[in-house]
Structures are given as C-alpha cells and as structure tokens.
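The values are calculated or read from the model by the stated rules, or taken from the named source; none is laboratory data. The structure presented is a predicted model; accordingly, all values stated were derived computationally and were not measured. Cβ placement follows ideal geometry from the backbone for every residue including glycine, while neighbour counts extend to all protein chains displayed. Only protein heavy atoms, including side chains, enter the accessible area calculation; ligands, DNA and RNA are left aside. Shrake-Rupley method; radii C 1.70, N 1.55, O 1.52, S 1.80 Å.
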Amino acid sequence: HAKESGRNTYRFFDERMNVNTLERLQLENGLRQAIGRQELRLAYQAQVDLASGRIIGLEALLRWASEPLGNVPPSRFIPLAEECGLIIPIGDWVLREACRQARQWQDAGLDPVPVGVNLSALQFRRSDIVAGVAAALDESGLDGRWLELELTESLLMESGPDVILTLGRLKALGVRLSIDDFGTGYSSLAYLKRFPVDRLKIDQSFVRDLAQNPDDAVIIRTIIQLGHNLRLEVIAEGTETLEQMDFLRREGCTAAQGYLFSRPVPADAIPALLQRGLPLNR
Ligand code: C2E
Ligand code: MG
Ligand code: MG
Ligand code: MG
C-alpha cells in the first residue's frame, strides 16, 4: 500500500509540475511576443490631493491582453518577466510609452501632472538605466519633472554601493523618485536619509486593515511623521473607503490613491478625467 500511494503521490506532483511548467512556458512565450503584437497597454490611476480633491499625479500600470490567454494580471506576469529577463525590454517599453503619453496630454493642453512608472530591480541594476530614462525623456520631449520613478525598498537596499550614485544621476535628469510599497520591506532609516527620494508611498496593506488592526494605524502614523521629518512627500496607496480617507487626513497625510477616487483606467479616459476632475469632487 505504502508503495502504491507513494507512486500516486509521485505521479500527482509530477502532473502538477507539468501543468505549471506548461503554463509558465505559455506565459513566457506569450510575453516574448507581447510587445511586437501590441498586446501591452498602460492603465493610469489618479493620485489625489486630500485637501482639494484635485488630481496631482497618475501612476502607469501595465496591462497585458494576451491573444490566446486573455487578460493576465501583473502579479502573474511581472515576476515571470523578471525571472526570464523580459522585464528589460518590457520595462523599456513602459518607460517610453508613459513618457510619450504624458507629453501627448500636455501637447493637447491638459494641465501637466507627474506620471509614475514602476521600475523593477533588474531594470534598475542594469548599468544603462540612466541612459534608458534619458532616452525616453529625450524621444518624447517630456520634461524630467513630469516623470516619477517608483522604486521599492528591497531594490534600494539590495542594489549595492552604487545605488546612491545611480539615484543621483536619475535626479540630475530632473525626475522624481519615490519608494513604493513603503513599510513592507526592510529599509534602514540611516540609508533613507541618504537616498535622494521625493516621496514615500505607504503600502496598501496598511491602509486596507486600518479599521480592524490598530497596529496598521500606528504604522501609517509613523510613516507620515517620518516623511514630514525627512521632508518627503507621503501618499497612501489602496484607499478604498471614506473612513480610510478621513483617517489619513486627520493624520496629516496630504495625498492618496485608490479605488475610492478612481480605478486604473485606459489612457483614452485620462483627458476627460484631467479636465473634469474626479466625480467625488464635482
Ligand atoms: P504597485 O506599483 O504597488 O501598484 C498598485 C497596485 O494596487 C495596482 O495593481 C493597482 O491597480 C492596485 N490598486 C490601486 N488602488 C487600489 C485599491 O484601492 N484597492 C486595491 N485592492 N488595489 C488597488 P496592479 O495594476 O495589479 O499592479 C500590481 C503590481 O505590479 C504593482 O504594484 C507593481 O509592483 C507591478 N507593476 C505594475 N505595472 C508595472 C510595470 O510597468 N513595471 C513593473 N516593474 N511593475 C509593474
Ligand atoms: Mg507602484
Ligand atoms: Mg505599491
Ligand atoms: Mg509593488
């Protein structure tokens, strides 16, 4: 019996592995062709000033509508793209596309707002990230101050001694730098002071459980104070309810992003959004 069930167990895992490998291969092959097939799009999510309700920025979020696989969420294809190195050409495309679109909105006469682009660690560590960003700005004609690069704590802590040099070169291009998912990684406060970043983005997990978990309220309060003390802007991600927004306001957080204000929307919805403002504010 033991032998038989052992064999069944073995076969079970074997088949599961095959399914995962197959799925991975399909995803990877699909991803390899995604740029050429024009299956990638950027969605944009508004960032809101909590005092005035006005849109003060947009975050570009990658969307993949695969011909055979349908819509694949970033949580499934970004880690894979990082593992197989495809994040480099994909990340380049995102940078160029976001800059191009931002410039196009400005050319159409819309009030300019910074557009945030997520950078993956692999992309950042590549020696020509500075050249890549410079090229995206140059080709689009976008002024650097309208581009914000979102980095994570782990990217900053694990990128070695040259990280401050690279950040300095990026700052020299005039771009804004922010730390995404702040509070979830291990960041040394001593380092934080030396990184030339402009903004902390409070991770959405803290905002989500705010009402149920007093620890999260304390963490948010601490990040807001840390930001104030280091003269960094602070924005809260994942704001879904009025209660969360009220808490953030009371604690002195001046900006937020989340479904309460707007979901990420296709690029062609942005001109109307920038012109008319958010429904909440009308
Ligand atoms: P992120 O940069 O922290 O982006 C925020 C994520 O939270 C987005 O998910 C957004 O749609 C979602 N979100 C926004 N507001 C709310 C809310 O109120 N409630 C909830 N539950 N979620 C909200 P998305 O678009 O699925 O992206 C997931 C992650 O994938 C991003 O997290 C980012 O780390 C990564 N990603 C997305 N686009 C890119 C990209 O172009 N390059 C790289 N390297 N990573 C990207
Ligand atoms: Mg982000
Ligand atoms: Mg985040
Ligand atoms: Mg993230």
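Determine, yes or no, whether ARG103 is open to solvent by 30 Å² or more (accessible area, probe 1.4 Å) and within 12 Å of ligand 1 (Cβ to nearest atom). Explain how you work it out, then say what you get.
Details: open to solvent by 30 Å² or more (accessible area, probe 1.4 Å): yes; within 12 Å of ligand 1 (Cβ to nearest atom): no.
Answer is no for this residue.
Counting just the residues of region 218-266 that are closer than 12 Å to ARG208 by Cα and acidic (Asp, Glu), which one comes out surrounded by the fewest Cβ atoms within 10 Å (Cβ to Cβ)?
GLU243
Enumerate the pairs (first residue in region 255-276 and in contact (Cβ under 8 Å) with a residue 40 or more places away in the chain; second residue anywhere and of a type in the set (D, E, K, R) and crowded, with 17+ Cβ neighbours inside 10 Å) with beta-carbon separation below 6 Å, excluding pairs fewer than 6 apart on the same chain, so at least 6 apart or on different chains.
Listed pairs, sorted by first residue: GLN257/GLU237.
Out of all the residues in region 46-62, which are surrounded by fewer than 20 Cβ atoms within 10 Å (Cβ to Cβ) and within 14 Å of ligand 2 (Cβ to nearest atom)?
Passing the criteria: only LEU61.
Go through region 134-148 and report how many residues are more than 16 Å from ligand 3 (Cβ to nearest atom) and under 20 Å from the mean Cα position of the chain (by Cα).
8
Kindly indicate the residue of region 162-186 that is without any contact (Cβ under 8 Å) to a residue 40 or more places away in the chain and in a strand (DSSP E or B) and also nearest to LYS201 (Cα to Cα) among those meeting that condition.
Applying the filter and picking the extreme gives ILE179.
Within the set of pairs 6+ apart or on separate chains, which have a first residue in region 189-215 that is within 22 Å of LEU232 (Cα to Cα) and more than 16 Å from ligand 4 (Cβ to nearest atom), a second that is modelled with pLDDT of 90 or more and assigned to a loop (DSSP other than H, G, I, E, B), and C-beta atoms under 7 Å apart?
Here the result reads LEU192/LEU230; LYS193/LEU230; ASP198/LEU232, each pair linking region 189-215 to a residue that is modelled with pLDDT of 90 or more and assigned to a loop (DSSP other than H, G, I, E, B).
Here is a check on your reading of the model: is ILE90 aliphatic (A, V, I, L, M), open to solvent by 10 Å² or more (accessible area, probe 1.4 Å) and within 26 Å of GLY36 (Cβ to Cβ)?
no
Tell me whether region 223-234 contains one or more residues that are of a type outside the set (S, T, N, Q) and within 17 Å of the chain's Cα centre (by Cα).
Scanning region 223-234 turns up at least one residue that is of a type outside the set (S, T, N, Q) and within 17 Å of the chain's Cα centre (by Cα).
Residue by residue through region 149-172, note down the ones that are more than 19 Å from the chain's Cα centre (by Cα) and open to solvent by 50 Å² or more (accessible area, probe 1.4 Å).
PRO161, ASP162, LEU165, ARG169, ALA172
Against the conditions (1) in contact with a helix residue (DSSP H, G or I) (Cβ under 7 Å, 6 or more places away or on another chain); (2) under 30 Å from LEU173 (Cα atoms); (3) part of a loop (DSSP other than H, G, I, E, B), where does LEU260 fall short? Just the number, please.
All conditions are met except number (2).
Quick one: ARG169 ticks every box in (1) at pLDDT 95 or above; (2) more than 18 Å from VAL117 (Cα to Cα); (3) away from ligand 3 (no atom under 16 Å from the Cβ) bar one, so which box is it?
It is condition (2) that ARG169 fails.
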